[in-house]
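*Asks:* Pasting a structure below so you can have a look.
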Amino acid sequence: MEATEPAETATPATPTGGTPPQPGQPPTGPRAKVRRRTLLLGALGLAAVTVTLAEIESRAGDDEPRKIVFTVPDGHALSVAFSPDGKTLVAGLSGVRGINSTLRSWNLAKGTSTTPWPDQVEEVTKVAFSPDGRTLAVAGTLQVALWNAAKPTGVALPLPTLDLAFSPDGRKLATGGRDGAARLWNLATGTVTDTLTAKGMTVVNAVAFRPDGYALATGSEDLADSHVRLWDLEAVFSPTVHATLEAPYWHSMKPVAFSPVGQLLATGSADPLVRVWDSVSGALEATLTGHTGSVTAVAFSPDGATLATGSEDKTVRLWSTSSHDVVPVATLTGHTDTVTSVAFSPDSATVASGSLDGTVRLWPNW
């Protein structure tokens, strides 16, 4: 393990037209208004790549923050996920040359790599833990692998997949792929229970369950444009679209994330805007500005108080959602290429971000 000093900074964000926040005071200036009904508080190459766990506050009571660097084979960190107990961080990689596992995981308490995963030469597009933490789902260009999280054994669902998500009860898995369909899998039998298609859908690149499990959001490229669709999973015969979210400049990038309560949905797109929607009516509630590149990743913290967004502008932005407004609170800099993934620790205290620069960084949640 090679330790180096990370060079990133974390800078509080200042809303346009406002004044810099003073210590202990919230930012001032124009705020994006959000009606709150149920949200209470949301490849190639040979050189080594650094995976950085950057300046996180010590949970052991140390006065100084921890700075840990891991070195792994070259690649891009496309997806990151915390285990439900908060002890493990997993990253899915792409662009790894040769016979190397495209999964990396670390014991966060010890700051060390965990048992290596079996070799996977395909590119990983998404990693996610089941709600009980027993299963790690890995989406790839060839299949979906379901690994026993306690030891590297598992089964495969033979379907190229761009994104996946576990249902809140852990019994189903939603997947999206380049064939223009989203699928719901029964994990007990390993079979498809529903195939979700709509006119014009050509690629499904984002899926997310509403926390109550009764609705699914899909982001897709369509023949004429791109849309986010909200599917009613409780429809009598089969899931049906009950709302289609439309905005300019969708163009293939469709990160989606529900608030923990489920009423609000955050989306990203090829323009530099983050949009917040009412997931029941499909109405646009807020448009968040600040990024200067495409918004490629969105995630709400488990406590619902923070929204994290990542972008092609190489930054992670944090937004407070604990009041009736969505307020920018921090801009996290340090990545040197597009941020591809953001995820919160189970206690909401830490944000992990993955990037095309081959690094995974941990940041304190402001």
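*Asks:* VAL339 is checked against (1) surrounded by 23 or more Cβ atoms within 10 Å (Cβ to Cβ); (2) farther than 25 Å from GLY177 by Cα and fails just one. What number does that condition carry?
*Replies:* Going through (1) surrounded by 23 or more Cβ atoms within 10 Å (Cβ to Cβ); (2) farther than 25 Å from GLY177 by Cα one by one, VAL339 breaks only (2).
*Asks:* Taking the condition within 19 Å of GLY92 (Cα to Cα), small (Gly, Ala, Ser) and surrounded by 19 or more Cβ atoms within 10 Å (Cβ to Cβ), does GLY310 pass?
*Replies:* Numbers: within 19 Å of GLY92 (Cα to Cα): yes; small (Gly, Ala, Ser): yes; surrounded by 19 or more Cβ atoms within 10 Å (Cβ to Cβ): yes.
So GLY310 fits the description; yes.
*Asks:* For the structure I just gave you, tell me whether THR244 is within 19 Å of ALA266 (Cβ to Cβ) and open to solvent by less than 10 Å² (accessible area, probe 1.4 Å). First the steps, then the outcome.
*Replies:* Numbers: within 19 Å of ALA266 (Cβ to Cβ): yes; open to solvent by less than 10 Å² (accessible area, probe 1.4 Å): no.
It is false that THR244 is within 19 Å of ALA266 (Cβ to Cβ) and open to solvent by less than 10 Å² (accessible area, probe 1.4 Å).
*Asks:* Something else now. Within the range 312-366, track down each residue that is of a type in the set (Ser, Thr, Tyr) and assigned to a strand (DSSP E or B).
*Replies:* First pass over the range 312-366, keeping only residues of a type in the set (Ser, Thr, Tyr): 315, 320-323, 331, 333, 336, 338, 340-341, 345, 348, 350, 353, 355, 359.
The answer is SER320, THR331, THR333, THR340, SER341, THR350, SER353, SER355.
*Asks:* Scan the range 252-271 residue by residue and report those that are under 16 Å from SER341 (Cα atoms), modelled with pLDDT of 85 or more and out of contact with any Phe, Trp or Tyr (no Cβ under 6 Å at 6 or more places or on another chain).
*Replies:* PRO255, VAL256, PHE258, ALA266, THR267, GLY268 - these are the residues of the range 252-271 that are under 16 Å from SER341 (Cα atoms), modelled with pLDDT of 85 or more and out of contact with any Phe, Trp or Tyr (no Cβ under 6 Å at 6 or more places or on another chain).
*Asks:* Next question. So which of PRO116, PRO160, PRO131 is part of a loop (DSSP other than H, G, I, E, B), modelled with pLDDT of 90 or more and open to solvent by 60 Å² or more (accessible area, probe 1.4 Å)? Can you show your working first?
*Replies:* Working: PRO116 fails: modelled with pLDDT of 90 or more; PRO160 fails: modelled with pLDDT of 90 or more.
After applying the criteria, what remains is PRO131.
*Asks:* Those residues that are assigned to a loop (DSSP other than H, G, I, E, B) and farther than 14 Å from ASP169 by Cβ, I need them from the range 202-233; list them, please. Lay out the reasoning, then the answer.
*Replies:* If we filter the range 202-233 for residues that are assigned to a loop (DSSP other than H, G, I, E, B), which is where we start, we get 210-214, 223-225, 233.
Across the range 202-233, the qualifying residues are LEU223, ALA224, ASP225.
*Asks:* Also, quick follow-up: Count, please, the residues in the range 223-250 that happen to be acidic (Asp, Glu) and modelled with pLDDT of 90 or more. Show your work before the answer.
*Replies:* We begin by selecting, within the range 223-250, every residue acidic (Asp, Glu); these are 225, 232, 234, 246.
From what's left, modelled with pLDDT of 90 or more: 232, 234.
Result for the range 223-250: 2.
*Asks:* Need pairs with beta-carbon distance below 7 Å; first residue on the phi > 0 side of the Ramachandran plot and within the range 200-214, second in a loop (DSSP other than H, G, I, E, B) and of a type in the set (D, E, K, R); sequence gap 6+ or separate chains.
*Replies:* GLY213/ASP169
*Asks:* Consider THR195 carefully, then state whether it is open to solvent by 50 Å² or more (accessible area, probe 1.4 Å), in a strand (DSSP E or B) and either touching an Asp or Glu at 6+ places or on another chain (Cβ under 7 Å) or modelled with pLDDT of 95 or more (or both). Before the answer, list the steps.
*Replies:* Values: open to solvent by 50 Å² or more (accessible area, probe 1.4 Å): yes; in a strand (DSSP E or B): yes; either touching an Asp or Glu at 6+ places or on another chain (Cβ under 7 Å) or modelled with pLDDT of 95 or more (or both): yes.
So THR195 fits the description; yes.
*Asks:* Can you tell me which residue within the range 136-157, out of those that are outside any loop (DSSP other than H, G, I, E, B) and open to solvent by 40 Å² or more (accessible area, probe 1.4 Å), is farthest from LEU196 (Cα to Cα)? Before the answer, list the steps.
*Replies:* Narrowing the range 136-157 to residues outside any loop (DSSP other than H, G, I, E, B): 136-140, 144-148, 154-157.
When the remaining residues are screened for being open to solvent by 40 Å² or more (accessible area, probe 1.4 Å), the result is 148, 154-156.
Values: ASN148: 28, GLY154: 26, VAL155: 23, ALA156: 21 Å.
Going through the qualifying residues, I end up with ASN148.
*Asks:* Checking the condition open to solvent by 10 Å² or more (accessible area, probe 1.4 Å) and touching a Lys or Arg at 6+ places or on another chain (Cβ under 7 Å), which residue from GLY282, GLY290 passes? Talk me through it step by step, then tell me what you get.
*Replies:* Values: GLY282 fails: touching a Lys or Arg at 6+ places or on another chain (Cβ under 7 Å).
On inspection, the qualifying residue turns out to be GLY290.
*Asks:* Could you grab the pairs with beta carbons closer than 7 Å, sequence gap of 6+ or different chains, first residue in the range 289-303 and within 15 Å of THR321 (Cα to Cα), second one at pLDDT 95 or above and in a loop (DSSP other than H, G, I, E, B)?
*Replies:* SER301/SER348; PRO302/PRO346; PRO302/SER348; ASP303/SER348
*Asks:* Now for a different question. Does TRP185 count as over 25 Å from ARG229 (Cβ atoms) and either in a strand (DSSP E or B) or open to solvent by 20 Å² or more (accessible area, probe 1.4 Å) (or both)?
*Replies:* Numbers: over 25 Å from ARG229 (Cβ atoms): no; either in a strand (DSSP E or B) or open to solvent by 20 Å² or more (accessible area, probe 1.4 Å) (or both): yes.
No: the conditions fail for TRP185.
The values are calculated or read from the model by the stated rules, or taken from the named source; none is laboratory data. What you are looking at is a predicted structure, and each value in this text was computed from that prediction instead of being measured. With ideal geometry, Cβ positions are generated from the backbone for all residues, glycine too; neighbour counts draw on all protein chains shown. Accessible surface areas use protein heavy atoms only, side chains included; no ligands, DNA or RNA. Shrake-Rupley method; radii C 1.70, N 1.55, O 1.52, S 1.80 Å.
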